[in-house]
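The structure appears right after this line, and notes come after that.
The values are calculated or read from the model by the stated rules, or taken from the named source; none is laboratory data. All figures in this text were calculated on a predicted structure; none of them were measured in a lab. Glycine also receives a Cβ, built like all others from the backbone with ideal geometry; neighbour counts cover every protein chain displayed. Note: accessible area is taken over every heavy atom of the protein model, side chains too, but ligands, DNA and RNA are not part of it. Shrake-Rupley method; radii C 1.70, N 1.55, O 1.52, S 1.80 Å.
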Amino acid sequence: MHKFYKDKLRELDNRLEELKVEFDEPIQLAETAVNLILSYLKDIKLYVVGKGFDEEKDEIIFFKKLKPNIVAKLIFYNAIYKIETRKPYGSGKNIKKYIDIELNKLKRFFDNNLEFYKYYRTNSTYLDHKYFLRGKYDIKLSLDTFYFEADHSFSTSHDYKVAKIIANDLIQVYLEDQLNLGHQKNGYDRSSLNWTESKTALTELIYALHSQGAFGNSDIVAIAKTFESTFNISLGDFYHTFMELKSRKINRTKFLDSLRDALIRKMEEQEEM
């Protein structure tokens, strides 16, 4: 069971990394990721329901540690989809207020589940037989209504809550990054030019210019920061993006090739005039 799960998780993680390269727009990324994760969960559910577990300890490990890792990814991307589609337009002040509200939601979940947080974060095990075995729920142990509507052949009373804890940590990092990005943008003298291609495309262009020595001996970080401030965009971990570009099996210079083709078309169109 564990090998099957770990192989599936590794495969899912690889495909999610590919999606991050393909989709720079968070809404499209989140929507595609949710559908992908659901398909993997379906495969794992069929395997679990069909094979079962040899011992109770295996079942506890699956519902306490293994399944929540995938469900947490589902919760995370679904949350990002909601956050981004509901994000208000307007000033940085409005966006900061919106993000603060979202962060407060995470805090309320923490406050409402403090005892279980303590149990989970301290690696306690004395209630595992009630929390992470199917059909062993105890209504006195702070059950969510969600559990009574869930498929009990693939759920325990608290496996979803573990996934929620893991996901909330990821969501908090995402929201805090958005706040930091807003602070950075507010500190720049913003130009009227906005980069409308993907972050991956701009990273490809920056590394090409740096490799050509177009800015002399300037550091790649200085070049990237200049592009970010000039074109009102945050590239995030652009070095990681470059590593993903290097790992492409085909068409490593997709954006540069499209630039060349577009320029040639423009030249040919003008020659025909």
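Quick look at the values:
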{"read-out": "Selected residue (criterion: nearest to residue 177 (Cα to Cα)) from residues of segment 98-132 that are among the hydroxyl-bearing types (Ser, Thr, Tyr), open to solvent by 30 Å² or more (accessible area, probe 1.4 Å) and not in a helix (DSSP H, G or I)", "value": "122"}
{"read-out": "Unmet requirement for residue 47, which otherwise passes all of (1) of a type in the set (Phe, Trp, Tyr); (2) within 29 Å of residue 254 (Cα to Cα); (3) open to solvent by 50 Å² or more (accessible area, probe 1.4 Å)", "value": "(2)"}
{"read-out": "Test: residue in segment 133-141 that is loosely packed, with under 11 Cβ neighbours inside 10 Å and part of a helix (DSSP H, G or I)", "value": "no"}
{"read-out": "Within segment 1-30, tally of residues that are more than 25 Å from residue 250 (Cα to Cα) and open to solvent by 80 Å² or more (accessible area, probe 1.4 Å)", "value": "2"}
{"read-out": "Filter result for residue 94 (part of a helix (DSSP H, G or I) and either modelled with pLDDT of 90 or more or surrounded by 15 or more Cβ atoms within 10 Å (Cβ to Cβ) (or both))", "value": "no"}
{"read-out": "Every residue from segment 114-163 that is basic (Lys, Arg) and over 25 Å from the mean Cα position of the chain (by Cα)", "value": "118, 130, 134, 136, 140"}
{"read-out": "For residue 72: the one exception among (1) surrounded by 14 or more Cβ atoms within 10 Å (Cβ to Cβ); (2) farther than 28 Å from residue 54 by Cα", "value": "(2)"}
{"read-out": "Evaluation of residue 195 against (1) modelled with pLDDT of 90 or more; (2) assigned to a helix (DSSP H, G or I) (one fails), failing number", "value": "(2)"}
{"read-out": "Selection within segment 43-76 - within 12 Å of residue 12 (Cβ to Cβ) and of a type outside the set (A, V, I, L, M, F, W, C)", "value": "43, 69, 73"}
{"read-out": "Residue in segment 195-222 that is farthest from the chain's Cα centre (by Cα), counting only those that are within 21 Å of residue 257 (Cα to Cα) and among the aliphatic types (A, V, I, L, M)", "value": "214"}
{"read-out": "All positions within segment 1-26 that are over 30 Å from residue 55 (Cα atoms), more than 11 Å from the chain's Cα centre (by Cα), of a type outside the set (S, T, N, Q) and in a helix (DSSP H, G or I)", "value": "15, 18, 21, 22"}
{"read-out": "Residue 84 open to solvent by 50 Å² or more (accessible area, probe 1.4 Å), closer than 25 Å to residue 200 by Cα and part of a helix (DSSP H, G or I)", "value": "no"}
{"read-out": "Residue within segment 226-247 that is open to solvent by 40 Å² or more (accessible area, probe 1.4 Å), outside any helix (DSSP H, G or I), touching a Phe, Trp or Tyr at 6+ places or on another chain (Cβ under 7 Å) and free of Cβ contacts under 8 Å to residues at least 40 places away in the same chain present", "value": "no"}
